[in-house]
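The values are calculated or read from the model by the stated rules, or taken from the named source; none is laboratory data. These figures come from a predicted structure and were not determined experimentally. All Cβ positions, even for glycine, are placed from backbone atoms using ideal geometry, and neighbour counts span all protein chains on display. With ligands, DNA and RNA removed, areas are computed over all heavy atoms of the protein, side chains included. Shrake-Rupley method; radii C 1.70, N 1.55, O 1.52, S 1.80 Å.
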Amino acid sequence: SSGINAEYGDLEGMMASLDTELALKGGKVSKRGICAACDKMILNKMVTALGKSWHPEHFTCIRCNRELGACKFFEKNDQPYCEEDYHAEFAPRCFSCNQPIVDKCITALQKTWHPDCFVCVHCRDPFTRNGTEYHVYEGKPYCKRDYCEMFAPKCAGCKKAIQSNVITALRMPWHVECFVCFECKCRFGAGTYYEHNGKPYCEQHYHENRGSLCAACNKPISGRVITAMRNKFHPEHFVCAFCITPLSKGTFKENDNRPYCHECYQKLFGVGTRA
């Protein structure tokens with residue numbers, strides 16, 4: 001007994017040697033209960049994993065040699081890994097923190113992220129907190145609020161960011177609802193507007209600001225115009241205040257800021273006409 005212990009050191013070493021001798025003599029040795037790591041007989045505790053049997057101290061992580069018999073392990077290419085080393089080796093890396101992603105993963109901008117790491121680069125709020133909508137500028141993600149405030153065109157009317165439909169007029173962008181007459185705030189029918197001093201106007205207020213409304217009918221004058229008594233008139237509207245005779249072809253007399261033909265002026269005011 002003492003000689004055996006001296007030669008083999010322990011029982012497992014003896015059994016391994018006996019197996020070897022039996023194999024050399026042509027006998028068959030069953031591989032059931034043989035450790036996949038050291039190829040020796042397993043007599044006491046045994047770990048069964050990856051379709052093989054192991055001594056507990058031999059079933060270890062291929063990277064760090066940590067024993068895996070009593071803890072969670074992962075397999076890759078028929079090799080065992082502890083959880084930490086498996087994720088370090090094979091899990092996708094978060095673009096922001098460069099740590100392995102072991103649970104939920106977000107793929108965006110051709111990169112992978114932890115949900116809490118995929119944030120607006122300006123306000124740092126995670127997109128998962130406020131929904132998944134984000135906007136990209138120069139390859140960086142922004143929440144809708146910050147993107148619009150920082151990069152979206154600003155309306156020439158209200159000066160706020162334009163997030164949807166836009167009208168371009170007077171070489172400037174506008175919200176649809178903001179592109180109105182500068183004076184009366186009415187929208188432009190059929191897309192027609194008039195520009196004066198860099199501002200949009202409806203036809204009425206455009207002519208009013210330019211002083212091109214008929215003093216008689218208060219309508220815009222777009223053709224021939226008569227200028228008289230510091231005002232402008234349609235030719236057909238510049239008439240004698242008494243007889244309504246058109247005055248566009250002759251001279252007239254003025255009284256109390258009203259025009260009269262020569263005949264009516266003489267009859268009404270008894271003053272002779274002057275050439």
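Quick notes
- Over the chain: helical MRE at 222 nm, DSSP H runs n ≥ 4 each giving -39500 (n - 2.57), nearest 500: -5500 deg cm²/dmol
- Shown are Arg66, Arg171, whose ranking by accessible area with a 1.4 Å probe and every protein chain present, most to least, is Arg171, Arg66.
- Sorted peptide list for 110-119, 200-209, criterion being average Cβ within 10 angstrom, highest first: 200-209, 110-119
- Heavy-atom accessible area order for Asp256, Asp39, largest first, 1.4 Å probe: Asp256, Asp39
- Pairwise label distance in nanometres, Phe90 with Gln110, each label 7 Å out on the Cα-Cβ vector: 2.7
- Heavy atoms of the protein chains alone define the surface here; on that basis the chain has 67 Å² accessible area per residue at 1.4 Å probe size.
- Share of carbon and sulfur in the accessible heavy-atom surface of the chain [1.4 Å probe, %]: 48
- To the nearest ten degrees, helix 11-24 and the longest principal axis of the Cα atoms of the chain are 80 degrees apart.
- Nitroxide proxy distance, nm - points 7 Å out along Cα→Cβ at Lys249 and Ala37: 12.2
- Separation of the Lys72 and Cys186 label points, Cα + 7 Å toward Cβ, nm: 7.1
- Taking a straight line from the alpha carbon of Lys45, these lysines sit under 28 Å away, with near neighbours fewer than eight places off in the same chain left out: Lys28, Lys31, Lys72, Lys76.
- The lysines whose alpha-carbon is closer than 19 Å to the alpha-carbon of Lys267, local same-chain residues fewer than 8 away aside, are Lys253.
- Partner lysines whose Cα lies under 19 Å from the Cα of Lys159, excluding those fewer than 8 positions away in the same chain, are identified as Lys144, Lys185, Lys199.
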